[in-house]
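Notes for the one structure printed next.
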Amino acid sequence: MASGTGAVRAAEETPLPEPPAEQKPPLLPPPPPAQEEFSFLPLVHDIIKCMDKDSQDVHQVLNELKNKFQEMRKLISSMPGISVSPEQQQQQLQNLREQVRTKNELLQKYKSLCMFEIPKE
């Protein structure tokens, strides 16, 4: 039995091969911005307050609003599928729904096979 334990020890000592560098997991998209980042209302409110007070800060707040609009334009233009027409989007949606329906049917067929039933004791 000593030879059996030696084989087990040899298996324990050999390091597992590392996966190739090309097989890295895909990068996840950045988390969506917080809801407050999409709101222009606070900046508009600040502009109105500055105008009521005859403050000189109104130009600074207007620039902030302008920058916010530019950021949102960039965000919208970088969204996936923004260049696809509504008709093409509807066609893609129909295709995906059909795939889901087909896969659900196949899943139900496989579940109904007796090999997947767990015996009750």
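Every read-out reported here was derived from the displayed coordinates using simple, explicitly stated rules and does not represent laboratory data. Here the structure is a predicted model, which means the values were calculated and not measured. Glycine also receives a Cβ, built like all others from the backbone with ideal geometry; neighbour counts cover every protein chain displayed.
Computed over neighbours whose Cβ is under 11 Å from that of Asp57, the net charge equals -1, Lys and Arg +1, Asp and Glu -1. Here's the picture: charge each Lys and Arg Cβ at +1 and each Asp and Glu Cβ at -1 in segment 33-79, and of Ile76, Met51, Phe38 the one pushed furthest to the positive end of that dipole is Ile76. Rounded to the nearest 20 debye, the dipole magnitude of segment 33-79 is 220 debye, with +1 charges on Lys and Arg beta carbons, -1 on Asp and Glu beta carbons, and the Cα centre as origin. Beyond 17 Å, the tail of the calculated P(r) for segment 36-109 holds 65 percent of the Cα pairs.
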